[in-house]
1. Please work out which residue is nearest to Leu136 (Cα to Cα), limiting yourself to the range 157-193 and to residues that are hydroxyl-bearing (Ser, Thr, Tyr) and in a helix (DSSP H, G or I).
2. State which residue pairs qualify: first residue in contact (Cβ under 8 Å) with a residue 40 or more places away in the chain and over 13 Å from Lys235 (Cα atoms) and inside the range 115-132, second residue open to solvent by 70 Å² or more (accessible area, probe 1.4 Å) and not in a loop (DSSP other than H, G, I, E, B) in any location, beta carbons under 8 Å apart, and separation of 6 or more residues or different chains.
3. State yes or no: is Ala218 of a type outside the set (Val, Ile, Thr) and closer than 30 Å to Ser239 by Cα?
4. Tell me whether the range 51-59 contains one or more residues that are β-branched (Val, Ile, Thr), part of a helix (DSSP H, G or I), open to solvent by 70 Å² or more (accessible area, probe 1.4 Å) and at pLDDT below 90.
5. Restricting attention to the range 157-204, which residues are open to solvent by less than 40 Å² (accessible area, probe 1.4 Å) and under 19 Å from Phe86 (Cα atoms)?
6. What pairs can you find where one residue is in the range 22-42 and closer than 14 Å to Leu97 by Cα and among the charged types (D, E, K, R), the other is modelled with pLDDT of 90 or more and open to solvent by 80 Å² or more (accessible area, probe 1.4 Å), and their Cβ atoms are less than 9 Å apart, with a gap of 6+ or different chains?
7. Check Trp78 against each of (1) crowded, with 16+ Cβ neighbours inside 10 Å; (2) not in a helix (DSSP H, G or I); (3) not β-branched (Val, Ile, Thr) and name the one condition it does not meet.
8. Could you pull out every one of the helices (runs of 4 or more DSSP H) wholly within the range 86-156 that has 1 or more residues that are of a type in the set (S, T, N, Q) and surrounded by 20 or more Cβ atoms within 10 Å (Cβ to Cβ)?
Amino acid sequence: MLTWRRVVTLAAILLLAALGWTTWTAVQTARDLRTAERAVERIRAAVSSDDPEARATAIEELVQASSAARDRTDGIWWASLTMLPFVGDDVGGVRDLSASLELVASRAVQPLGETVDELEVVVANGRVDVERLRDLAPKIDAAHSAFASAAQLVTSRKSSGFAGPLRSRYEEYVDQVSSLARDLSSAATAVDVLPSMLGGSEPRQYLLIFENNAEIRATGGLPGSWALIKADDGKLSMSIQGSAADFDAYANPLGDITDAESSLFGREMGRFFQ
């Protein structure tokens, strides 16, 4: 039979084991996160120096370190630690940060790393390769979704109760991942619409109007010059260009001028290019 002394002794042993395990896991997680941070810096340096081999090595290190941090903090034990007083918020922050970073590394940075070299040859010989843009679209869309999910994961937790060092690093990460999510949203939209805008399906024409500040206008200035741009299978060319002086005033307004517009602007509206 177990005596009270044995029960207390066993409980003390279990408590010490739990504390030891938690401490060891926390130290290893902190190490993994620091390794991931250094890997990000090496990725930036490799991209700047155009070193594909170093870039791939750094990306793989980031994926492994973030995956290790996620695995250590993803489970019943760490989930239960988030309910502890005083330290529960910090534990939850580390847990969310690790999961968010792993999501970014495996589903965004790694696929995007494979597209860097492709981006360098999208524009060649005065032409945009619209087919290559179409091929890039799924990877950029997936990366945007990953960054958006990763940002949502960390922004959903308030960091005001974190310990000072953790709070500052956590908030810095939130700012960076949220900013990158917004940038990738713009990139995903651009890659989606550019092939058709650049005449990938059929030739297109665009009328560009250039304003100057010779006269004050509601749009910012006087439409003084213009150009007609043609886009055909990724190649842009200027068909013709001119100025407002190329157009004489029309005797009657062009287009359907409503009574309200005529009342506000008179017969001048629709008669002059400007």
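The values are calculated or read from the model by the stated rules, or taken from the named source; none is laboratory data. Just so you know, these numbers come straight off a predicted model, no measurement behind them. Methodologically, a virtual Cβ is constructed for each residue, glycine included, from the backbone with ideal geometry; neighbour enumeration extends over all protein chains shown. Just the protein is used for accessible areas: all its heavy atoms, side chains included, with ligands, DNA and RNA removed. Shrake-Rupley method; radii C 1.70, N 1.55, O 1.52, S 1.80 Å.
1. Step one: filter the range 157-193 for residues hydroxyl-bearing (Ser, Thr, Tyr), giving 159-160, 168, 170, 173, 178-179, 185-186, 189.
Subset that is in a helix (DSSP H, G or I): 168, 170, 173, 178-179, 185-186, 189.
Working: Ser168: 35, Tyr170: 31, Tyr173: 27, Ser178: 22, Ser179: 21, Ser185: 14, Ser186: 14, Thr189: 12 Å.
If we take residues in the range 157-193 being hydroxyl-bearing (Ser, Thr, Tyr) and in a helix (DSSP H, G or I), then Thr189 is nearest to Leu136 (Cα to Cα).
2. Partner pairs satisfying both residue conditions: Val116/Val47.
3. yes
4. We begin by selecting, within the range 51-59, every residue β-branched (Val, Ile, Thr); these are 57, 59.
Checking the rest, the ones that are also part of a helix (DSSP H, G or I) come to 57, 59.
With open to solvent by 70 Å² or more (accessible area, probe 1.4 Å) added as a condition, the list becomes 57.
Next, from what is left, pick out any that are at pLDDT below 90: none.
Among the residues of the range 51-59, not one is β-branched (Val, Ile, Thr), part of a helix (DSSP H, G or I), open to solvent by 70 Å² or more (accessible area, probe 1.4 Å) and at pLDDT below 90, which makes the answer no.
5. Across the range 157-204, the qualifying residues are Ser159, Phe162, Gly164, Leu166, Tyr170.
6. From the range 22-42, the pairs are Asp32/Gln64.
7. Condition not satisfied by Trp78: (2).
8. Working: elements: 88-104, 110-113, 116-120, 130-155.
In the range 86-156, the matching helices (runs of 4 or more DSSP H) lie at 88-104.
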